[in-house]
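Below: one structure, written as C-alpha cells.
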Amino acid sequence: MRRFVSIACLGVLSLSCTCVLAQHADDGSRTPVDPDAGTKGVIQTPDDVMDRMIGVWQRASQAQTDDESTQVSEQLGICQIQVQDLPHAMYVEHAIGMLGPDPKSQRVLSVYESHDGLRLRLWNFKVEQRADVLAGMWASPEDFPTIKREELFPVADFAVNDFDEHTLTSKTIAHASIDRDGAVYYDAVLNVYGIDETNSAFVFQERGFDAEGNTVFDTTPEPWTRIESPAIVNRLSEGVITIDYYRPEGIPAFDSNIMFLKYTMHIGSGSMTDNTERHGGIFRESLPVRQDKFLGWQLGLRGMTEGSRRLIIMPPGTGAYGDTETLYARIELVQLEQDVPPDQP
C-alpha cells in the first residue's frame, strides 16, 4: 500500500469543470482527446502515475479578504484507496493550514488507460455525509473503508501527456464555461516534477480564453512541494487506531486528568451519531474512563496533549454500536486539568 499525498488544486478544478463529463456519468465511456496525447518516457502504467502523486504536499498562497491579502499555508494529502469497480483510485484531501479532520475539500482521482494513453478522472462524492466520515483517513490508507463507484460522480478528465523521466503533465481534455474576466472557456494543466520523494513538486495552472481563443487570464500559483506526513498513527489493542494530526508539546493525558473536549462521531455510512453541540459545546471526561463506557473511548483518549486533534477509529465491538459498525470519533482536546481529590489542597 502506498503512502498518502495532498492536492489542493483539485478543489478548484472541481468548481470549474463540472460540466465536462455530464454526458457520460458512470458508464465508463471514454472521451476523445488530443491526438498528440500519449504515453512517453518511463511513466507507462497507472501505477507509475500514482507513484508520482501519492504523498503529502504543502504550499504558501495568498488569501484575499475584503481589505487585504494575507499569506496562508495549504496542505494536500493523497493516498491509494479501494473503490469497487474503479481500479487505480486515490483519495485527495485539501486543507487550509494543516491537514486534519476538517478538510476544505475531498475528491477521488482515478487513473485509467485509454486507446491513446493514460487518463486521470476527477470524482466528487454524491453525498456530503459520506465524505465527512472519510476526513483525515489519508493518514492511514490501509484502514480506509472501501467505497462504491455509485457513491461518486465524475467532474473532469485529464489526458496524461508530454512527460519524460522527470515530468508528468496532465491536461483537461475539454473546456468548461466559466464567468471570469470575460472568459468563455477554461483550461487547466497539472505538472508534477521530480523522480523521487525528496525532490518533487507540482504546479497547477489555470487559463481562460475568450470566444476568439485569446488568453484572458493565466494563473500559475506557488508550487506544491512534498513534505513528511504531519500525522502520527498508533495501533492499540482490540484493533483501535488513533491518528494525531496536531500534537503540541505538553503533558500527555493519563489517569487523574480531566479532559475538556470537542468531538464529532460518525459511523461508516457517514451518519453523525453524536457531537459536543448536544452537550453544551464542551464535553468533560475524566481519566481513567469509566469501565461502563465503550472500549474504544477508554483506550483512544490517553496520551493527548492540550490542543491536540485526534481521530479515533473504533472497529466493531469496541465502539458504541456493538459488533455492527465502525465508529469514527474526531476530537480536539481544548483543556487538560489535574483531578485533585477533595481531601487534598
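Evaluate 2.2 N^0.38 Å with N set to the residue count of segment 188-267, then give the Cα radius of gyration divided by it.
Computed over Cα atoms of segment 188-267, the ratio equals 1.92.
Ranking request for peptides 183-189, 51-57: highest mean number of other beta-carbon atoms within 10 Å first, then the rest in descending order.
51-57, 183-189
Taking other Cβ within 10 Å of each residue's Cβ, how do Y112, Y91 sort, fewest first? The partial results should precede the final answer.
Values: Y112 18, Y91 24.
The order, fewest Cβ neighbours first, is Y112, Y91.
Hey, can you grab everything whose amide H is under 5 Å from the amide H of V184? Only 5+ residues off in sequence or another chain; H modelled, so Pro and N-termini drop out.
Close amide H contacts, sequence-distant or interchain: F209, D210, A211.
Dipole size in debye (nearest 20) for segment 267-345 around its Cα centre, Lys and Arg Cβ +1, Asp and Glu Cβ -1?
Around 200 debye, computed over segment 267-345.
Every number here is computed from the coordinates shown, using simple stated rules; none is lab data. No experiment lies behind these values; they were computed from the predicted model shown. We place every Cβ from the backbone using ideal geometry, glycine too, and count neighbours over all the protein chains shown.
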